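In what follows, a single structure is set out as structure tokens and then discussed.
The values are calculated or read from the model by the stated rules, or taken from the named source; none is laboratory data. What you see is a predicted model; the values in this text were computed from it and never measured. Cβ coordinates were reconstructed from backbone atoms using ideal geometry, including for glycine residues, and neighbour counts include every protein chain displayed. Accessible surface areas use protein heavy atoms only, side chains included; no ligands, DNA or RNA. Shrake-Rupley method; radii C 1.70, N 1.55, O 1.52, S 1.80 Å.
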Amino acid sequence: MSAWRTESCEQCGAAFYVREDWDRPPRYCKSCREERAAKWYDKSCRHCGGTLRVCVDWDRIPDYHKECAWTEKPCEICGYGIRIHRGWNNPPRRHKECRASVAPKTVSCAQCGKLFTISTGTQLKCKENGWDLPTRCQECKHDALLIKGAVGALRDTFRVPLETTIEKRGILFTDKVAVVRNARTGDVLAEVTMSKEGCFSTKRVAVATDARSGDEIARTRDGHEGNFVQRRTAETCSSATGDQTHTTRMAEQGVFVRKRLAKTERASHGEDSVISRVVKRGWFFVKKVIETDRE
Ligand SMILES: [Zn+2]
Ligand SMILES: [Zn+2]
Ligand SMILES: [Zn+2]
Ligand SMILES: [Zn+2]
């Protein structure tokens, strides 16, 4: 028979008996032991449903086993796994570094020089489709059809194939100007500049001027057509008469490689329509040129 000795409870300090031959003598008195035991309970793991033993004193009561809590999901950008805790309400869909790589970017517009922002959504869409990031601001993108419409109508004024480049003008306040040349001789025939019209809701308008006389030739404004699906068009009116002379629409051409181009048609039908397409020129310094000629 081994002897009893007293120990003091680690929780309340009261003395209690332990036998000397016990390998692991209790650290608490009986009442503290019971109180502590009552604090433990079982719950089921929200992932595997197995038993999870938890204590009310814990700062955070887990919902999962340690080995059940973490999972991996592919990152939306790079496709590699992201460690995700099953308990997170809004688990991340992208790695931190990947997210930073598509943070909104502010760049200067290749045409007008104004700063514009490329959103994360746009960057992701470009990545997904293998497209280049936009180089032009929203306004320049909107102006493109008006400029092509204005140049398409000029083909009937000058009666030669045209070549147009969009250039920046001014040092402090840059503005773009479309310089229209005779495609054969390179002579500058006309200029198209962007302006605004209207008192309450201003609208952008492309104004074509004769390079030699400085006279305004025509104005090209936004138009729409179609009943169910509205399509944007560009409507050109003669500055001399005010009458609408041409309508320009975007179209696609080509069977294997679809190319976007602008098609300008006379209001009074007759002869072929005029096609304006953007082509790249040059090997070292690639420049975009709008070629305009009869179909
Ligand atoms: Zn105690
Ligand atoms: Zn589990
Ligand atoms: Zn990633
Ligand atoms: Zn721009």
For the table LYS127/LYS203; LYS114/LYS141; LYS127/LYS148; LYS127/LYS176, the rows whose alpha-carbon distance is greater than 23 Å are LYS127/LYS203; LYS127/LYS148; LYS127/LYS176
Rounded to the nearest 0.05, what FRET efficiency do LYS168 and ARG258 have when you use their Cβ-Cβ distance and R0 = 30 Å? 0.50
First measure r as the distance between the Cβ atoms of MET250 and TYR41, then evaluate 1/(1 + (r/R0)^6) with R0 = 51 Å and state the FRET efficiency to the nearest 0.05. 0.15
Using only protein heavy atoms and a 1.4 Å probe, report how much of TYR64 is accessible, in Å² to the nearest 10. 20 Å²
Cross-link reach list, lysines versus LYS39, counting only Cα pairs under 27 Å and skipping chain neighbours closer than eight places: LYS30, LYS66
Quick check on region 1-115: take the gyration tensor over C-alpha atoms, sort the square-rooted eigenvalues as a ≥ b ≥ c, and tell me if it's rounded (a/c under 1.5), prolate or oblate. prolate
Which pairs in the list LYS196/LYS288; LYS105/LYS288; LYS43/LYS96; LYS105/LYS287; LYS125/LYS280 are over 30 Å apart, alpha-carbon to alpha-carbon? LYS43/LYS96
Determine the per residue accessible area of region 4-60 with all protein chains present and a 1.4 angstrom probe, expressed in square angstrom. 80 Å²
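What is the Cα convex hull volume of the chain when expressed per residue in Å³? Spell out each step's value before the answer.
Values: hull volume 93.6 nm³, N = 295.
Cα-based convex hull of the chain, divided per residue, equals 317 Å³.
Let me know the shape class of region 139-294, please: from the alpha-carbon gyration tensor, a ≥ b ≥ c as square roots of the eigenvalues, rounded when a/c is under 1.5, otherwise prolate if a/b is greater than b/c, or oblate. Provide the component values of the computation, followed by the final result.
Numbers: a/c = 1.26, a/b = 1.05, b/c = 1.20.
Rounded, since a/c falls under 1.5.
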Assign unit charges at the C-beta atoms only (+1 for Lys and Arg, -1 for Asp and Glu), then state the dipole size of the chain relative to its Cα centre in Debye, rounded to the nearest 20. 460 debye
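Output the peptides 2-11, 114-123, 234-243 sorted from most to least packed, where packing is the average of other Cβ atoms within 10 Å over each peptide's residues.
Values: 2-11: 11.3, 114-123: 14.3, 234-243: 16.3.
Descending mean neighbour count gives 234-243, 114-123, 2-11.
Could you compute the FRET efficiency for THR202 and SER239, with r as their C-beta to C-beta distance and R0 at 22 Å, rounded to 0.05? The partial results should precede the final answer.
Details: r = 19 Å, r/R0 = 0.86.
With a Förster radius of 22 Å, E is 0.70.
How much of the accessible area of the chain, probe 1.4 Å, is carbon plus sulfur, in whole percent?
Numbers: 9960 of 19800 Å².
The computed percentage sits at 50.
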